[in-house]
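Student: My questions all concern the structure below.
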Amino acid sequence: MRWSPRARRWRLEVPWGRAPRLTVPRGTSRDEVDRLLEEKRPWIAAQRLRQVPRLCLDPSAVSESEARATARELVSTLAREGADRIGVEYCRIRIGGQRTLWGSCSPRGTLSFNWRLVLAPLEVVDYVVVHELCHLRVPNHSRRFWALVERHRPHWREQRGWLRDYGAELLAFEPRR
């Protein structure tokens, strides 16, 4: 639990495989925190029950450095091919270890991707790359943006669904060191 000077309301998260995190506005009393945690105990337990490993990821089968190198190679290839088809140009590709994002696109044309994507099905990686490339043309999630994604990846909803179903488990994955 942490008190935050910027928080306006409380926020309770149950990250995959980690302790629940409660953020509360500064000035919240310890009694209020205890009452909130007691009230939310069934919800926390329900979230834990939903966190059943389904991907069968073996931490000893891959190192982060190997996965990052593979992700860079795969994403670079997909981005080159996709950029030509979509008719956009990007400046560079960055591979990171974001805890909540699969990809992002900066105004300067840097495409950033999570190295854990390499553990997802190829169609999912391809969708994320195309999604970020489309942001080079339409920098928001407007109808125009989704129409562009649809034109280049008609089955994008299936891949987004896969990320919604399995993404939390994949983001929590920690390989051998």
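The values are calculated or read from the model by the stated rules, or taken from the named source; none is laboratory data. All values derive from a computational prediction rather than experimental measurement. Using ideal geometry, Cβ is built from the backbone for each residue, glycine included, and neighbour counts are taken over all protein chains shown. For the accessible areas, the whole protein counts, side chains as well, though only heavy atoms, and no ligand, DNA or RNA atoms are used. Shrake-Rupley method; radii C 1.70, N 1.55, O 1.52, S 1.80 Å.
Student: Taking Ser76 as the residue in question, decide whether it is part of a helix (DSSP H, G or I), without any contact (Cβ under 8 Å) to a residue 60 or more places away in the chain, open to solvent by less than 40 Å² (accessible area, probe 1.4 Å) and out of contact with any Gly (no Cβ under 6 Å at 6 or more places or on another chain).
Tutor: Numbers: part of a helix (DSSP H, G or I): yes; without any contact (Cβ under 8 Å) to a residue 60 or more places away in the chain: yes; open to solvent by less than 40 Å² (accessible area, probe 1.4 Å): yes; out of contact with any Gly (no Cβ under 6 Å at 6 or more places or on another chain): yes.
Taking the combined requirement at face value, the residue satisfies it.
Student: To continue, here is another question. Suppose we filter the stretch 18-71 for residues that are in contact with a Ser or Thr (Cβ under 9 Å, 6 or more places away or on another chain) and within 30 Å of Ala120 (Cβ to Cβ); how many remain?
Tutor: Going through the stretch 18-71 one residue at a time, the tally reaches 2.
For every residue, the table says whether it meets (1) in a strand (DSSP E or B); (2) in contact with a Cys (Cβ under 9 Å, 6 or more places away or on another chain); (3) at pLDDT 90 or above; (4) open to solvent by 50 Å² or more (accessible area, probe 1.4 Å).
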{"position": "Asp34", "(1), (2), (3), (4)": "no, no, yes, yes"}
{"position": "Ser60", "(1), (2), (3), (4)": "no, no, no, yes"}
{"position": "Glu66", "(1), (2), (3), (4)": "no, no, yes, yes"}
{"position": "Ala71", "(1), (2), (3), (4)": "no, no, yes, no"}
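Student: Still on this model: Are any residues in the stretch 79-119 of a type in the set (A, V, I, L, M), out of contact with any strand residue (DSSP E or B) (no Cβ under 8 Å at 6 or more places or on another chain) and without any contact (Cβ under 8 Å) to a residue 60 or more places away in the chain, and if so, which ones?
Tutor: Initially, the stretch 79-119 is screened for residues of a type in the set (A, V, I, L, M), giving 79, 83, 86, 88, 93, 95, 101, 111, 117-119.
Next, only the ones that are out of contact with any strand residue (DSSP E or B) (no Cβ under 8 Å at 6 or more places or on another chain) stay: 83, 86, 88, 118-119.
Listed by number, the residues that qualify are Ala83, Val88, Val118.
Student: Please go through the stretch 1-32 and give me each residue that is open to solvent by less than 60 Å² (accessible area, probe 1.4 Å) and of a type in the set (A, V, I, L, M, F, W, C), ordered by number.
Tutor: Within the stretch 1-32, the subset open to solvent by less than 60 Å² (accessible area, probe 1.4 Å) is 4, 7, 12-16, 20, 22-25, 28-29.
Listed by number, the residues that qualify are Ala7, Leu12, Val14, Trp16, Leu22, Val24.
Student: Mind checking which strands (runs of 3 or more DSSP E) fall wholly inside the stretch 87-166 and carry at least 2 residues that are open to solvent by 30 Å² or more (accessible area, probe 1.4 Å) and touching an Asp or Glu at 6+ places or on another chain (Cβ under 9 Å)? Break it down stepwise before answering.
Tutor: On the way: elements: 92-96, 103-105, 110-114.
Correct list: 103-105.
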